[in-house]
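Derivation of every value follows stated rules applied to the coordinates shown; laboratory data play no part. Fair warning: this is a prediction, and the values are worked out from it, not measured in the lab. Please note: Cβ atoms are built from the backbone with ideal geometry, for glycine as well, and neighbour counts cover all protein chains shown.
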Amino acid sequence: MSADTRPLGRPIKGPSALGGDPRRFLMLTRTLAVMDFKLRFFGSALGYLWQLMRPLMLFAVLYVVFTQLVRFGGGQQTPFFAVVLLTGIVIFTFFSEATGGAVTSVVDRENLVRKIHFPRLVVPLSVVLRASFSLVLNFVVVAVFVFGSGVRPRLSWLELPLLLLIVAALATGLATLLSALYVRFRDMRPIWDVLLQVVFYGSPILYVVELIPSERYQHLLLMGNPLAAVLQQTRHAVIDPQAASAAEAIGGWERLLVPGGIVLAVLVLGLWVFNREAPRIAENL
């Protein structure tokens, strides 16, 4: 008589990326993000002001260097160079914090991942959400500079939330992808640190795209770097309507499909890889 090898009851599923309860997923993401944001400044005398000081100090150094010492840019680039520079720094700071902080996020929460059954995607998404809190605070300073520079409100300002949402989608895709890969490949952190520097200098933050001598290279920059396209459109829509829009600078609306496609592909790839790796994250730590 052969033994009955049929499984008893339903098979037990491993931890997934999303879980089965959307409300619980959103609550956990928000809770982790708020807790990390508060702990980040716990015991600090200046508290949240440090979040405002970091981009302001970087802005002050770069503005002095490129307008007073090196004489690169300033009024020769655009009458709103200071606002363009600060806005670019603030948006890149969000992108850097969201992606760079997410790289090690799952490994940093090893004790939580090993002991508690919860949707694993909460971990990298909470890092992106925490960086979003900082972005909102930093944009208060940007608003002061915008109005102080004589920029007048326009209907095109309504584009800003959509543009920031595109950056957040790109950051989310990279955050989920990098956090999943770092569990297996610890070289991802130094590699991404280097790539972040490439993205910074490959985006129109310290310069404007009009300074690129060749239109061909200008188009390649905007098509290959979605962040560059977002920064150019932000400059046109929010700061300087005389500046070329992203569509004009890239050579036509149809070419915007390239950076848009990159954002979508990165987001889908990141979520797919993380969802695939989620059940095995604990055993790979």
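Full extension from V140 to E248: what is 0.36 nm times the residue separation minus their Cα-Cα distance, to one decimal in nm?
Result: 36.0 nm gained on full extension.
Quick check on region 142-189: what are the equivalent-ellipsoid semi-axes from the Cα gyration tensor, as sqrt(5λ), descending, whole Å?
37, 13, 5
With 17 Å as the cut-off, how large is the P(r) tail for region 184-271, expressed as percent of Cα-Cα pairs?
Taking all Cα-Cα pairs of region 184-271, the fraction more than 17 Å apart is 53 percent.
For an R0 of 45 angstrom, estimate the FRET efficiency from the Cβ-Cβ distance between E110 and A60 and round to the nearest 0.05.
0.70
Go ahead and run the numbers for FRET between L26 and R280, Cβ-Cβ distance against an R0 of 22 Å, rounding to 0.05.
Given R0 = 22 Å and the Cβ-Cβ separation, E is 0.35.
Mean 1/r over all different Cα pairs, inverted: what Kirkwood radius does region 100-181 give, in Å?
On the way: mean 1/r = 0.0676 Å⁻¹.
One over the average 1/r among Cα pairs gives 14.8 Å for region 100-181.
Could you give the length gained by full extension between R216 and V268, i.e. 0.36 nm per residue of separation minus their alpha carbon distance, to one decimal place? Could you put the intermediate results ahead of the total?
Values: separation 52, 0.36 × 52 = 18.72 nm, distance 2.91 nm.
Between R216 and V268, full extension yields 15.8 nm more.
Give me the number: length gained by fully extending R152 to V198, i.e. 0.36 nm times residue separation minus the C-alpha to C-alpha distance, one decimal in nm.
Extending this stretch completely gives an extra 13.2 nm.
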